[in-house]
Each structure stands twice: as C-alpha cells, then as structure tokens.
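*Asks:* Supplied in structure tokens, the structure appears directly below.
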Amino acid sequence: MRRALFRPPLPLVIFIILTLTSCLAGFAIFYNILIAHDRGKYFNLETSHLYVEFPKNWFVFRWEEKNITGNKYGLVIAPLNLRVLMLITIYDENATKTYLTQNNVSDAFSVNMFEIEKLYNLTMKRSSNVRLRFIENGTRIVSGYNVTYSTFIIINGYVDEGGDTHDWTWTFMSSVNDKIIQIAYHGIEMDYDLAYEEFQYILNSTKIKG
Amino acid sequence: MDLDLSRYYERYYDLIHIILGGVICLLAMYTSSSILPRLVRVILYSLGCYGLMSFQEITNAMLLLMFGAAYLPSGFIGGLYTGHRIKENLRIILLFPALIGFAGMIALHSSIGGVNISNLDLQREILVPLIGDIIGTYLGGYTMNWEEESEPLEIIEEDMYMPER
C-alpha cells in the first residue's frame, strides 16, 4: 500500500514558526517583567527620580515636562475599578525657583494653600454649591523628607458624566527644599476610603532620588 | 452588457484580485490591531496584573505580539487570497496587497482612530506593521503556489515504516 507523506508547504511552515516564535518571545518578555518587578501584592517601579511600589492591578503613567524655566517629573498612579488617583510631582531646582517666584509662595504650607485654592476655584467653575471642608493638617516623613499635608473634602466638588455631583476627598502634601515635592491623592466619596490603605503603602514605599 | 463586464474582468483580472487581496489584508490588520491590545489588557486585568502595562519594556513585548498575532497573519490571509487567484509574477505582485493593506490601515487609523500621521512612531507604527505585512503576504502567496514551484510530493512505501505483523 502506498500513500503520500503529508508535507506542508515550506512558506506555511515558515509562517507558523515566525508566528509562534514572536508570540512566545512576547510572552517571555511579559513573564520576565512580571518576575523582575514582583513584590508580592505589589510591583516596584524605578525611574530616574523615583522608586515606588504599587498594587499589581493599578496602572502607572510617568510623565516629564521640560522647559527652559525648569523640569518637572511625575507619576500618576490609579486603579481601574475605583475613582481615585495619586499624583507625585518633583520639581528640579530651576522649576522650584520659578514656581516659588511666580506663585509668590515660600514654604510647604503656603504651597499647599495655593494649590488647594487653585483646585477649589476650578471646581467652582464646574459645579455650583461647592464647599471646602478641612479634615486634617499636619506633617509626616516621606522618603526622608518632612512633608506638610492637608486633608480636605470638596463637598459637591466632583461632577460625573451623568451630571451628578459627589463629595471629593483630597490629601495634598508638599515639601519645599532645593526642590519641591508634591504628592496628592484623591477619590470620590467611598472610593477614597477603599483605596486609603493602598495610598499609604505607596507613600511609605516611595523613595525620592537625589 | 454582461459581455463588456466579463471583458473588463479578464483585462483587469490581476488588478482586481490585487486590490481585493489588499482589502482583505487591510480588514484583517485593522481588526486584529484594534482588538489585540485591548484583549491583552483584559487578560492582564483579569489575571490581576494590569500594572505590567506601566513598564516601558512592555512596548517590546507588545510589538512582538502584534507582529506575530496581528500583522503577519493579516498579510498571510491577504497573500493566500492573492496567491489563490493569481499564479504568475508573484514576486512582484504580492508586494501590492501588502502595501495596500498597510496604507489603508494608516489611513483608517488616522481617520477613525484620530491618529496624527505626522506623530507616528517609526518603529512601532510603520516599520513593524509594514515588515510583518509584507512577509505575511509573501508567505501566504507562496503557500498557495508552493506545489507548482517545488518538487512533486514524495511518495513513500508505508510498509517500510510499519512493523511486520
């Protein structure tokens, strides 16, 4: 009995090999990143200015703003399932000088008040019946820097896509030395409380370089 | 009227099937390049490690995945169609469905997706899709015509490989 040996066309074999190889290489890189940055429930992320650990299902967006008046570097850290967000911004020396001069502020507390007022004015443009309620003011250590913080609620400050207003809780902290470090985290109503522990973990793990 | 149409069809046979191959390639490319990144995000989120998308190294991984699972197969499908319909001058002809597919995808992304053509990333949005598309199209086209170019199928004696009973 004779039969033909199945031999697929060579281009098809090359196509299958190329497809499988590139997909496997892609997955290998994913796995490698997963192993390299795994810290239990968290991932660690290191940039030229910062080191942070963040929950595995949150995302981080890094940004830089370079000007002749100075440079700013930052991270935005947020989950997908909660309406909360954390921002970390570092000003270099030139940007610090420019910021302090332009806004006529000199210390961390005045920086906080300036930013809170700016935010409050912004929310007033979008929503009526907005009120500001301070919860707590204080100082704490973040990455060896003494930072001044203010926790406050902007009542009816957040307007969602449906036009409904929500209370918006913020913690804003800053440190002014040779550079300004600003950290802010905020959330809508209960979401702020749900993410609070993660915010604290990120804050405690944050290391500011230089 | 029918006679005229068939005359035109015969006259522009190659051109029609090159364009159709390009359109198939374009549709496959646009669909897969739109769905695949979202699918990866959904999978990562459901696995509880969406944060992987935050790392810069992920760009290379995504690029390899897109090459292997989107651009190469899309070109391959377009090439299969063109190779099925056209049997001559494949070396030159197969380039065109790939180019049509690639140019169409850029045009679709810029018109529907709102991508600015002047800000396209050379490696991620031009070189890798184009190379994947071209390689895929040639592989698809030659897959359909390989028997004609290669030696006849090898016939073997099955008994040679069967154990004696």
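Computed from the coordinates by the stated procedures, all read-outs in this text should not be read as laboratory data. Computed from a predicted model, the values in this text were never measured in an experiment. With ideal geometry, Cβ positions are generated from the backbone for all residues, glycine too; neighbour counts draw on all protein chains shown.
*Asks:* Using R₀ = 30 Å, calculate the FRET efficiency as 1/(1 + (r/R₀)^6) where r is the Cβ-Cβ separation of A:LEU80 and A:GLU117; round to 0.05.
*Replies:* 0.45
*Asks:* Once the Cα gyration tensor of the protein assembly as shown is found, what semi-axes does its equivalent ellipsoid get, as square roots of 5 times the eigenvalues, in whole Å, sorted largest first? Write out the running numbers ahead of the final one.
*Replies:* Numbers: eigenvalues 666, 129, 69 Å².
Working through the eigenvalues yields semi-axes of 58, 25, 19 Å.
*Asks:* Filter the trypsin sites (Lys or Arg not before Pro) in segment B:1-102 down to the DSSP loop ones having no more than 14 other Cβ atoms within 10 Å, then list what survives.
*Replies:* Answer in residue order: B:LYS87.
*Asks:* Okay, next question. With charges only on Cβ, +1 for K and R and -1 for D and E, what is the dipole size of segment A:59-210 about its Cα centre, in debye, rounded to 20?
*Replies:* Value, rounded to 20: 440 debye.
*Asks:* Return the inverse of the average 1/r over all pairs of distinct C-alpha atoms in segment A:2-54, which is the Kirkwood hydrodynamic radius, in Å to one decimal. Don't skip to the answer; put the middle values down first.
*Replies:* On the way: mean 1/r = 0.0680 Å⁻¹.
After inverting the pairwise mean of 1/r, the radius is 14.7 Å.
*Asks:* Scan around A:ASN71 for amide H atoms under 5 Å from its own, H built in the peptide plane at 1.01 Å from N, and keep only partners 5 or more places away or cross-chain.
*Replies:* Residues meeting the amide H criterion: A:ASP92, A:ASN94, A:ALA95.
*Asks:* Placing unit charges on C-beta atoms (Lys and Arg positive, Asp and Glu negative, everything else neutral), compute the dipole magnitude of the protein assembly as shown about its Cα centre in debye, rounded to 20.
*Replies:* 780
*Asks:* What is the order of A:VAL176, A:VAL142, fewest Cβ neighbours within 10 Å to most?
*Replies:* The order, fewest Cβ neighbours first, is A:VAL142, A:VAL176.
*Asks:* May I ask for the angle, rounded to the nearest 10°, between helix A:190-205 and the longest principal axis of chain A, with both axes built from Cα atoms and the value confined to 0 to 90°?
*Replies:* Computed tilt is about 80 degrees.
*Asks:* Helix A:108-126 versus the longest principal axis of chain A: what is the Cα-based angle in degrees, 0 to 90, to the nearest 10?
*Replies:* The two axes meet at around 80 degrees.
*Asks:* What dipole magnitude, in Debye to the nearest 20, does segment B:2-145 give about its Cα centre under +1 on Lys/Arg Cβ and -1 on Asp/Glu Cβ? It would help to have the intermediate numbers written out before the result.
*Replies:* Working: 8 positive and 9 negative charges, 36 e Å.
Charge dipole, segment B:2-145, about its Cα centre: 180 debye, nearest 20.
*Asks:* While we're here: As a footprinting exposure proxy, order B:MET29, A:MET86 by other Cβ within 10 Å, with the fewest listed first. List each step's numbers first, then the result.
*Replies:* Working: B:MET29 28, A:MET86 25.
Fewest to most other Cβ atoms nearby, the residues stand as A:MET86, B:MET29.
*Asks:* Compute the FRET efficiency between A:VAL13 and B:ALA103 as 1/(1 + (r/R0)^6), taking r as their Cβ-Cβ distance and R0 = 45 Å, and round to the nearest 0.05.
*Replies:* With R0 = 45 Å, the Cβ-Cβ based efficiency is 0.95.
*Asks:* Here is a further query. Taking the C-alpha atoms of segment B:2-145, how large are the radius of gyration and the largest Cα-Cα span, Dmax, in Å?
*Replies:* In Å, with Rg to one decimal and Dmax whole: 17.4, 63.
*Asks:* Another question about this same structure. With a 10 Å Cβ neighbour count serving as the proxy for reagent exposure, in which order, fewest first, do B:ASP14, A:ASP191 appear?
*Replies:* Final ranking by Cβ density, sparse to dense: B:ASP14, A:ASP191.
*Asks:* Would you mind giving the mean number of other chain beta-carbons within 10 Å of the Cβ of each residue in A:40-47, as a whole number?
*Replies:* Mean inter-chain Cβ contacts per residue within 10 Å come to 2.
*Asks:* At a temperature of 25 °C and a viscosity of 0.890 mPa s, determine how fast chain A diffuses translationally according to Stokes-Einstein, using the Kirkwood radius over alpha-carbon pairs as Rh; express D in µm²/s, rounded to the nearest whole number.
*Replies:* On the way: Rh = 20.0 Å.
The diffusion coefficient I find is 123 µm²/s.
*Asks:* Gap in Å between the Cα centre of segment A:133-210 and the Cα centre of segment B:27-46?
*Replies:* Centre-to-centre (Cα) distance: 34 Å.
*Asks:* Residue farthest toward the positive end of the dipole of segment B:1-132, with Cβ of Lys/Arg at +1 and Asp/Glu at -1: which of B:HIS84, B:MET66, B:VAL42?
*Replies:* Result: B:VAL42, furthest along the dipole toward the positive end.
*Asks:* Relative to the longest principal Cα axis of chain A, at what angle does helix A:93-103 sit, 0 to 90 degrees, rounded to 10?
*Replies:* Compared with the principal axis, the helix lies near 40 degrees.
*Asks:* Now for a different question. Of the listed pairs A:LYS72/A:LYS125; A:LYS72/A:LYS209; A:LYS56/A:LYS179; A:LYS118/A:LYS209; A:LYS66/A:LYS209, which have alpha-carbon separations greater than 22 Å here?
*Replies:* A:LYS72/A:LYS125; A:LYS56/A:LYS179; A:LYS118/A:LYS209
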